[in-house]
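The values are calculated or read from the model by the stated rules, or taken from the named source; none is laboratory data. Remember, it's a predicted structure, so these values are computed and weren't measured experimentally. In this analysis, Cβ positions are derived from the backbone assuming ideal geometry, glycine residues included, and neighbour counts consider all displayed protein chains.
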């Protein structure tokens, strides 16, 4: 659930640095857990639905923090990362930020800068979790639409008028009005603008590809 307490993961191979970071983060009121290398972190099972972020050293004994970021991205893990390093450069920073890093800080890291970066990263995590819950709910409602209602949905949110939708689908405007009303009801939309926003959340392809009962 989204109301679970947030947690900050720290991956740094320097025992003293890792312990100091964990103490600082814990003193700020966050749950915190430390790991000595990237593979140790990857072996840890992340709890779903819990706001979280990763404080990650760039240089690690098994593989780099940048590679860990790439692996997490490929796995679809929505985990904002705050990089810390004593060996950073501009190309490295650019690579990390383009791949979605929340921040990139130079060691020694000031307490204020680190906690500020963690706050931003956790806010991003909460937003991603909220979006995920909303998208799951939308997709569930999409399964309630018939194939014809999904066709009407996809055309209406593109700005087509009822008579244009009727012409494109080879039916009459009165029938489209009925389908449109059912789409609005099933999707929980009270206006066209709201229906468009719902569509933007999942994309036109998702609307058209959903399988359901026959019309």
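Numerical summary
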{"quantity": "Single unsatisfied condition, residue 95 versus (1) more than 15 Å from the chain's Cα centre (by Cα); (2) at pLDDT 90 or above", "calculated": "(2)"}
{"quantity": "Odd one out for residue 19, checked against (1) modelled with pLDDT of 95 or more; (2) surrounded by 19 or more Cβ atoms within 10 Å (Cβ to Cβ)", "calculated": "(2)"}
{"quantity": "From 116, 74, residue being surrounded by 14 or more Cβ atoms within 10 Å (Cβ to Cβ) and out of contact with any helix residue (DSSP H, G or I) (no Cβ under 8 Å at 6 or more places or on another chain)", "calculated": "116"}
{"quantity": "Segment 47-58, subset out of contact with any strand residue (DSSP E or B) (no Cβ under 7 Å at 6 or more places or on another chain) and on the phi < 0 side of the Ramachandran plot, residue surrounded by the most Cβ atoms within 10 Å (Cβ to Cβ)", "calculated": "51"}
{"quantity": "Residue match in segment 91-108 (condition: in contact (Cβ under 8 Å) with a residue 40 or more places away in the chain, outside the structural domain of residue 203 (by TED's automatic domain parsing), crowded, with 18+ Cβ neighbours inside 10 Å and not in a loop (DSSP other than H, G, I, E, B))", "calculated": "no"}
{"quantity": "Filter result for residue 88 (surrounded by fewer than 20 Cβ atoms within 10 Å (Cβ to Cβ), assigned by TED's automatic domain parsing to the domain that holds residue 126, touching a strand residue (DSSP E or B) at 6+ places or on another chain (Cβ under 9 Å) and at pLDDT below 95)", "calculated": "yes"}
{"quantity": "Residue ID - farthest from the chain's Cα centre (by Cα), chosen from residues in segment 80-90 that are outside any loop (DSSP other than H, G, I, E, B) and either touching a residue at least 60 places away in the same chain (Cβ under 8 Å) or under 24 Å from residue 49 (Cα atoms) (or both)", "calculated": "84"}
{"quantity": "Filtered residues of segment 26-45 (kept if loosely packed, with under 15 Cβ neighbours inside 10 Å and more than 22 Å from residue 16 (Cβ to Cβ))", "calculated": "29, 43, 45"}
{"quantity": "Test: residue 141 is part of a helix (DSSP H, G or I), at pLDDT below 95 and either surrounded by 13 or more Cβ atoms within 10 Å (Cβ to Cβ) or not assigned by TED's automatic domain parsing to the domain that holds residue 183 (or both)", "calculated": "yes"}
{"quantity": "Residue 61 more than 22 Å from residue 124 (Cα to Cα) and free of Cβ contacts under 8 Å to residues at least 24 places away in the same chain", "calculated": "no"}
{"quantity": "Residue within segment 71-79 that is not in a helix (DSSP H, G or I) and not assigned by TED's automatic domain parsing to the domain that holds residue 32 present", "calculated": "no"}
{"quantity": "Tabulated pairs, segment 115-143, first closer than 30 Å to residue 22 by Cα, second modelled with pLDDT of 90 or more and part of a helix (DSSP H, G or I), C-beta under 9 angstrom, 6+ apart or interchain", "calculated": "115/24; 115/25; 118/25"}
